[in-house]
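In what follows, a structure is listed as structure tokens, so that the remarks can point back to it.
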Amino acid sequence: MFDQVTVLVAVNDGKRPSGTTVARARQIRDLLPAGWENVTVAAWHGLTADYCRHTGCGLIIRGVRNSTDYSREYELAAMNKALGVTTLFIPARPELVTMSSTAVRLSGQGSFVR
């Protein structure tokens, strides 16, 4: 769908990440399949919309698993739109709707899901 994709690892003060932002970005980068040269991983402290404006990105892609995710993401999308950045929602595959980063971390799996 896109020529270039950036996976942005950002700080969320409401969550307790398993490591630093830079370490989490490195872990994601290491899990990307060989040959995915059009996918980059970046660490950022601040608003996602600020990152987008700083790098010239005009679109945020957010996955949603259920109506709870959608409600939360819709509020963020409205704020980002007011800041000049559009959000595209992509529904999760049915087999992933119960998956969360917390569940993956607690299970010790931590593997990349394609």
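The values are calculated or read from the model by the stated rules, or taken from the named source; none is laboratory data. Model, not experiment: these values are computed from the prediction. A quick note on method: Cβ atoms are made from the backbone with ideal geometry, for glycine too, and the neighbour counts reach across all protein chains shown.
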Any residue at all in the range 84-95 that is outside the structural domain of GLN4 (by TED's automatic domain parsing) and in a helix (DSSP H, G or I)? yes
Does TYR74 satisfy the condition of being at pLDDT 95 or above and among the hydroxyl-bearing types (Ser, Thr, Tyr)? yes
Counting only residues in the range 51-79 that are in a helix (DSSP H, G or I) and either touching a Cys at 6+ places or on another chain (Cβ under 8 Å) or among the charged types (D, E, K, R) (or both), the one surrounded by the fewest Cβ atoms within 10 Å (Cβ to Cβ) is identified as GLU75
Out of curiosity, is ALA25 surrounded by 11 or more Cβ atoms within 10 Å (Cβ to Cβ) and not assigned by TED's automatic domain parsing to the domain that holds THR102? yes
Could you please find all residues in the range 3-36 being hydrophobic (A, V, I, L, M, F, W, C), at pLDDT 90 or above and part of a loop (DSSP other than H, G, I, E, B)? LEU32, ALA34, TRP36
